[in-house]
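Enquirer: Structure in structure tokens, see below.
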Amino acid sequence: MSDIGISNNDWNWRLVAAANIAENQAVTIDGAGKAAPSGGTAVVGFCPQTIRLGERCPVIRGGTISGLTGFTAGAKLKVQGTGLLGTAGATATVAVVKSEDASTAVILTENLYGIT
């Protein structure tokens, strides 16, 4: 029997981007129902690729995100003021870098809405 896991195809939304969004940037949903950079607050997920204004934006709410750089396995990631992931700050941990792959992190969905 194999382990059960969540992939990037689970818990996804595909929303229109309200602005340019960077790879792995935290996003929120604006008043028009579009994906917008979160700026570190009201995080509902992450965009796993660079998206331009008006394009369809995948919002990953659970599972794994890849393409991370500058982190070590086991690092607890938080949303920085720019909406990008980092290790500094007092906000809640939203993802943990996987121990077997320092460029991939598992999103902790229960912490996404608690960012203020």
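We did not get these values from a lab; they are worked out from the coordinates using the rules stated. Since this is a predicted model, take the numbers as computed values, not measurements. All Cβ positions, glycine included, derive from the backbone under ideal geometry; neighbour counts span all protein chains shown.
Enquirer: Residues with amide H under 5 Å of Val16's amide H, sequence separation 5 or more or different chain, H placed in the peptide plane at 1.01 Å from N; which?
Expert: When sequence neighbours closer than 5 places are left aside, the close amide H contacts are Ala35, Cys57.
Enquirer: With unit charges on the beta carbons (Lys and Arg positive, Asp and Glu negative) and the dipole taken about the Cα centre of the chain, which residue among Leu84, Val16, Gly74 sits farthest to the positive side?
Expert: It is Val16.
Enquirer: Another question about this same structure. Given points 7 Å out from each Cα along the Cα-Cβ axis, report the Gln80 to Val106 separation in nanometres with one decimal.
Expert: Modelled inter-label distance: 2.5 nm.
Enquirer: Next question, about the same structure. For Ser99, put the label point 7 Å out on the Cα→Cβ axis and report which residues of the range 55-91 keep their amide N under 13 Å from it.
Expert: Of the residues in the range 55-91, 73-75 have backbone N under 13 Å from the label point off Ser99.
Enquirer: Out of residues 5 or more away from Gln49 or on other chains, whose amide H comes under 5 Å of its own, with H placed 1.01 Å from N in the peptide plane?
Expert: Sorted by chain and number, the residues that satisfy this are Asn24.
Enquirer: Mind listing the phi-derived Karplus ³J(HN,Hα) values for the range 56-72, rounded to whole Hz, using 6.51, -1.76 and 1.60 with θ = phi - 60°, and x for any glycine or proline?
Expert: Each residue's phi maps through the Karplus curve to give 6, 10, x, 10, 8, 10, x, x, 10, 10, 10, x, 7, 9, x, 10, 10 Hz.
Enquirer: When semi-axes √(5λ) of the Cα gyration tensor in Å is calculated directly from the model, which label among [x] 22, 16, 13; [y] 33, 15, 12; [z] 41, 20, 10 fits?
Expert: [x]
Enquirer: I've got another one for you. Using the number of other C-beta atoms within 10 angstrom as an exposure proxy, rank Lys78, Lys98 with the fewest first.
Expert: Lys98, Lys78
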